[in-house]
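Written below as structure tokens is the structure these notes are about.
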Amino acid sequence: MRSHQPGGTEANGNLPLELDGFVGRRAELSGLARALDTARLVTVTGPGGIGKSRLAARVAGGRCAPPDGVWRVELAAVRDPEFVDHALVESLGLTDHTARPPRETLLARLAGRRTLLVLDGFEHLVDACAPLVVDLLGRVPGLVVLAVGRRALSVAGERVFALGPLGEGEAVELFEERAGRHGVTLGDDPHVRELCRRLDGIPLAIELAAGRLGALSPGQLLERLDDRFRLLTGGGRDALPRHRTLRTAIGWSHELCTPEERLLWARLSVFAGPFDLEAAEYVCGGEGLHSDDVLDVLSALLAQSVVAREETATGVRYRMLDTVRAYGADWLEAAGDAVRLRRRHRDWYVGLATWCELDWFSPRQNEVAARVEAELPNLRCALEYCLTEPDGADLARHLAGSLWFCWVGCGRLAEGRHWLERSVELEPGDEHSRLKALWVLGYVAVLQGDTVPALAALQECREEAERSANPTAVAYAEHRTGCLALVSDDMPRAERLLRSALSRYQEIGELNSNVLMGQVELAMARAFLGELPDAVRLCEDVRRVCEDHGERWARSYALYVLAYAAWSEGDPARARVLLTDALTCAHAFHDLLGSVLSIELLALVTVTEGDADEAAVLQGAAASMWPSVGLPLFGSAYYNAPHERCEERARERLGDERYEDAVRHGARLGRDAAVSRAPGRAGRTQAPEALPAPRGPVRRTTASLPPDMHEPAASPTRKGGETAG
């Protein structure tokens, strides 16, 4: 993936690198580039397999790129029109923990920038994409959109660039190049030109034909092609010839497959994105294809370019072109097996999410984060299937709730809330899955700073849990209400609720990342109340448990509190070491909240060490990150006190003008640059001044909290040697 970082700014686009040679399309390359120079919305249209995506990527990557980059948004795997805005936010690498709509996040990111946005594979989402594009172009003057699909968006100002087949010479050039990739040297074979002509110059058809050269000569291909064309011609009088030809080309490749290969091709169509071998064996094995045979049959499909293989951070994965997948899906429907396969796909990914939730509290936490990231298209497909099936409500709530660590720990709060809200709106069923979805929804809303929905979800969870005598759900509801009190500056209430929740966890034998975060949150409340030794004791306990279990996410927050205590006790050097560790971990998990909190405190450490300029730069960097999290420092006087002290000392040393210049410089840093820069400054060390008390009256929200949320007396938080519940 291309990732330019000039001047320490964030990545300048996400266009994938080309893995094989780009052949032909000389006139189209220059024509599309000219179109983009004269129009702000250009749509490349044409049938599947004609090469639209490759041409668009080539032109977008080769033309004079706008200053703020070229960003590609792949929409082929998106099924829910309501999720289009989220897909754009994700593709632009944005993390937004707030309750604001993703559209506003997009507009905030694009405002004042000159950007090229490539929307690829939108044809099944035209009704959602058309108004989105119109809105973005109307409100962001520096934006240019290059859309790629089988049809136009049909909006004002759109310039349509229709892409046809390759010319004969270019088609032959492509066939020969791909043959060489398969280890075949054609020489001067007289059949090649006729073969390419009969394939109508469609790149996908040519590549599929070249994939057969290991077994058949060009002459043999031409002979078989003639039969298959006659067999599969059709599609109705109103179908375009190009569409019938493409189906014929793919159908011809399909006919050359063995019955087992055709069966696997159809069954693999249920995957919404890349998949691994284990998933293919489970989902596609059985009833005519033994799971032990899936690997051999998959290898045959790989050899024929029906399936592509790719190396990823989570190992070898496989992918089908969307057009090839759509053809397989038609056969699956025709065979009457689509429902069974979609249920098997759903079951696999529900099981995967359940396993990942358990493994999150283990030394495999990094692996789990990477795995879920890679599986998101299929997890979303499973969620959508659950939400639309009559009997899927309980599984939808279970799946959305089980992925809490993805929504919270891996920086996907907005997406998590989308799925959680949809799942809890469905008819009640299994109480356990509903209660879990409710407390996770409340937790997400708390972190987004959306108090009213958070309270509503947690109150409903608490009441239903008490009515059904579910002590686990009661503990989680109480815990997250205590978390809300913490960020709302009601420290006595936060302490009571958190201690009670921890006591409940101890009674039921619950020990996991959530429980440890509850102990960290209690430590933060104690620190804000001036009880630093108790805060340190609680967090050192968390740190030991995390090291015993290989847990890193909750540990990063414990390190943050320990760093706060170290600075308060006059040891900025130790605070810097702890914060560097915490920040590195939070950023690795894409946890924006953990990252920005660490940068804020590092700014205070930095000014204490004597480098006021750098402290102001870090404050500027943090200020630019907060809008994607929520209300800066939660609107909390307690959380804001270190920030105010840092600003006061930096202004005293620099003066207002120099301070503001440094803050503006920090605000221009990209997130990666800020995270890389934050730990690297060490200057003169001096004892810090005591933190001032919060200025003005501390904001209290007790009146807005449900009065019947019980607050029993504090009790010990944890027994030693407990295992995950």
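The values are calculated or read from the model by the stated rules, or taken from the named source; none is laboratory data. Predicted, not measured: the structure shown is a model, and the values here were computed from it. Virtual Cβ from ideal backbone geometry, glycine too; neighbours counted across all protein chains shown. What goes into the accessible areas is simple: the full protein's heavy atoms, side chains included, and nothing from ligands, DNA or RNA. Shrake-Rupley method; radii C 1.70, N 1.55, O 1.52, S 1.80 Å.
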**Message:** Just to be sure I understand, how many residues within region 172-187 are free of Cβ contacts under 8 Å to residues at least 40 places away in the same chain, assigned to a helix (DSSP H, G or I) and either open to solvent by 70 Å² or more (accessible area, probe 1.4 Å) or aromatic (F, W, Y) (or both)?
**Reply:** 2
**Prompt:** Which residue out of R113, R109 is out of contact with any helix residue (DSSP H, G or I) (no Cβ under 9 Å at 6 or more places or on another chain), more than 29 Å from E170 (Cα to Cα) and of a type in the set (K, R)?
**Reply:** R113
**Asked** If T95 passes every condition in (1) touching a helix residue (DSSP H, G or I) at 6+ places or on another chain (Cβ under 8 Å); (2) at pLDDT 90 or above but one, which one does it miss?
**Response** (2)
**Item:** Enumeration of residues in region 1-48 that are in a helix (DSSP H, G or I), touching a strand residue (DSSP E or B) at 6+ places or on another chain (Cβ under 9 Å) and either open to solvent by 60 Å² or more (accessible area, probe 1.4 Å) or modelled with pLDDT under 80 (or both)
**Value:** T38
**Request:** Kindly establish whether D226 is modelled with pLDDT of 80 or more, exposed (fewer than 14 other Cβ atoms within 10 Å of the Cβ) and either part of a loop (DSSP other than H, G, I, E, B) or not polar (S, T, N, Q) (or both).
**Result:** no
**Message:** Every residue in region 612-638 that is among the hydroxyl-bearing types (S, T, Y), surrounded by 22 or more Cβ atoms within 10 Å (Cβ to Cβ) and under 30 Å from the mean Cα position of the chain (by Cα), please.
**Reply:** S628
**Asked** What are the residue pairs meeting all of these: first residue in region 632-658, first residue of a type outside the set (F, W, Y), second residue surrounded by fewer than 16 Cβ atoms within 10 Å (Cβ to Cβ) and part of a helix (DSSP H, G or I), Cβ atoms under 7 Å, and 6 or more apart or on different chains?
**Response** none
**Prompt:** How many residues, within region 337-370, are free of Cβ contacts under 8 Å to residues at least 12 places away in the same chain and either open to solvent by less than 20 Å² (accessible area, probe 1.4 Å) or touching a Cys at 6+ places or on another chain (Cβ under 6 Å) (or both)?
**Reply:** 1
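Quick one: which helices (runs of 4 or more DSSP H) lie wholly within region 451-549 and hold at least 2 residues that are touching a residue at least 24 places away in the same chain (Cβ under 8 Å), open to solvent by less than 10 Å² (accessible area, probe 1.4 Å) and over 18 Å from K436 (Cβ atoms)?
Answer list for region 451-549: 471-487, 491-508, 513-528, 532-549.
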**Message:** If D135 satisfies all but one of (1) among the acidic types (D, E); (2) open to solvent by 20 Å² or more (accessible area, probe 1.4 Å); (3) in contact with a Gly (Cβ under 9 Å, 6 or more places away or on another chain); (4) within 25 Å of P67 (Cα to Cα), what's the number of the condition it fails?
**Reply:** (3)
**Residue tally, condition farther than 30 Å from R364 by Cβ and touching a strand residue (DSSP E or B) at 6+ places or on another chain (Cβ under 9 Å), over region 307-324** = 2
**Fill in**
Taking region 60-106 and keeping only residues that are open to solvent by 30 Å² or more (accessible area, probe 1.4 Å), in a loop (DSSP other than H, G, I, E, B) and of a type outside the set (A, V, I, L, M, F, W, C), one is left with R63, P67, D68, R79, G93, R100, P101
**Request:** For region 312-328, name all the residues that are outside any strand (DSSP E or B), buried (at least 18 other Cβ atoms within 10 Å of the Cβ) and among the aliphatic types (A, V, I, L, M).
**Result:** L321, V324
**Prompt:** Pairs under 6 Å by beta carbon, first residue touching a residue at least 60 places away in the same chain (Cβ under 8 Å) in region 322-336, partner part of a helix (DSSP H, G or I) and among the aromatic types (F, W, Y), six or more apart or different chains?
**Reply:** G328/W265
**Request:** Examine region 409-419 for a residue that is open to solvent by less than 10 Å² (accessible area, probe 1.4 Å) and more than 16 Å from the chain's Cα centre (by Cα), and state whether such a residue exists.
**Result:** no
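Of everything in region 107-124, what is at negative phi, open to solvent by 20 Å² or more (accessible area, probe 1.4 Å) and not aliphatic (A, V, I, L, M)? Give them in sequence order.
Of everything in region 107-124, those that are at negative phi, open to solvent by 20 Å² or more (accessible area, probe 1.4 Å) and not aliphatic (A, V, I, L, M) turn out to be R109, R113, R114, E123, H124.
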